[in-house]
Amino acid sequence: MKYFDTHTHYDWAEFDEDRKLLLKKLENTIIVNIGVNGSSNIETIKYTNEYKNVYACLGLHPMNVSTMEDLNNIKEIMNDKVVAIGETGIDYKFPNIELQKEYFIKHINLANDLNLPIVIHCRKAHEEVYNILINNPVNKKGIMHCYSGNLEYAKKFLKLGFYFGFDGPVTRDNKYDEIIKFLPLDKIIVETDAPLMPPFPLDENSRCDSSSLKYIIKKIAKVKNMDIDIVTNQIFLNSKRVYNIK
């Protein structure tokens, strides 16, 4: 089966010792590496040049907005394997909420300028994120990364045309089942957020990588009571569609 990891951070220090070996093993999996700041974006672009299966999403993570980096720098380094802008959004775990909102809108404007989708990070801020998207529409839509909102907001974001990314937590907590059942299969994608949030049966404190996608897909297929091969194939197609990868 074909796998597509729509959200990874292989430039992080957790992979410094075996990055090349690991990415070689994953050469049959399509991977989108997510930049979180200027240096991370540059490293991500380097991987797109070194590995045929690696694509890039460039941005400034909400945890890093205090650096006040100029997003226009992204235009200077990007290549034709940049498939999205982000991750961006609002996260109440981190300070500078008003600055996070400001940069969220800047990312939307950049995505629209470049005709790319956006990857949205949202934690305990679904109303704020929704309101910003209503007032600042994203032309190419995008992904609600690691979706953690309730069913009410899932309906709202679905109506706006967004896809929903599910990660390791869905294998450990049945609270996501209602949303997975509700969502059309053609709006669901999977992500590891490597090295974070390993799915069951991996140890909860272990490092995660794209080889664990199968556990997330298995849970989604079980919740939807569908054949796992059908689910795997459709999720692969969804991922290519949202990132416009031929």
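The values are calculated or read from the model by the stated rules, or taken from the named source; none is laboratory data. Everything numeric in this text was worked out from a predicted model, so none of it was measured. All Cβ positions, even for glycine, are placed from backbone atoms using ideal geometry, and neighbour counts span all protein chains on display.
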Scan of region 10-35 for residues that are buried (at least 23 other Cβ atoms within 10 Å of the Cβ) and either assigned to a loop (DSSP other than H, G, I, E, B) or of a type in the set (A, V, I, L, M, F, W, C) (or both), ordered by number: Y10, I31, V32, I34, G35
Lone qualifier among G38, G86 - being under 26 Å from N150 (Cα atoms) and either modelled with pLDDT of 95 or more or not hydrophobic (A, V, I, L, M, F, W, C) (or both): G86
Members of region 219-231 that are out of contact with any Pro (no Cβ under 9 Å at 6 or more places or on another chain) and either aromatic (F, W, Y) or assigned to a helix (DSSP H, G or I) (or both): I220, A221, K222, V223, K224, I228, D229, I230, V231
Among residues of region 57-72, those that are out of contact with any Leu (no Cβ under 6 Å at 6 or more places or on another chain) and either among the aliphatic types (A, V, I, L, M) or over 23 Å from T6 (Cα atoms) (or both), counted: 8
Qualifying residue in region 87-95 (condition: touching a residue at least 12 places away in the same chain (Cβ under 8 Å), touching a Ser or Thr at 6+ places or on another chain (Cβ under 8 Å), assigned to a helix (DSSP H, G or I) and under 15 Å from L60 (Cβ atoms)): no
Candidate set from region 207-241 (those that are among the aliphatic types (A, V, I, L, M) and over 23 Å from L23 (Cα atoms)); member that is surrounded by the most Cβ atoms within 10 Å (Cβ to Cβ): I220
Inter-residue pairs, beta-carbon under 9 Å, first among the polar types (S, T, N, Q) and in region 38-50, second part of a helix (DSSP H, G or I), 6+ apart: S40/N64; N41/N73; N41/I74; N41/I77
Test: residue in region 205-215 that is modelled with pLDDT under 95 and either part of a loop (DSSP other than H, G, I, E, B) or within 19 Å of the chain's Cα centre (by Cα) (or both): yes
Members of region 28-79 that are acidic (D, E) and under 19 Å from the mean Cα position of the chain (by Cα): E43
For M63: the one exception among (1) in contact (Cβ under 8 Å) with a residue 24 or more places away in the chain; (2) under 26 Å from N244 (Cβ atoms): (2)
Matching entry among F15, F94 (being at pLDDT 95 or above, within 26 Å of K141 (Cβ to Cβ) and aromatic (F, W, Y)): F94
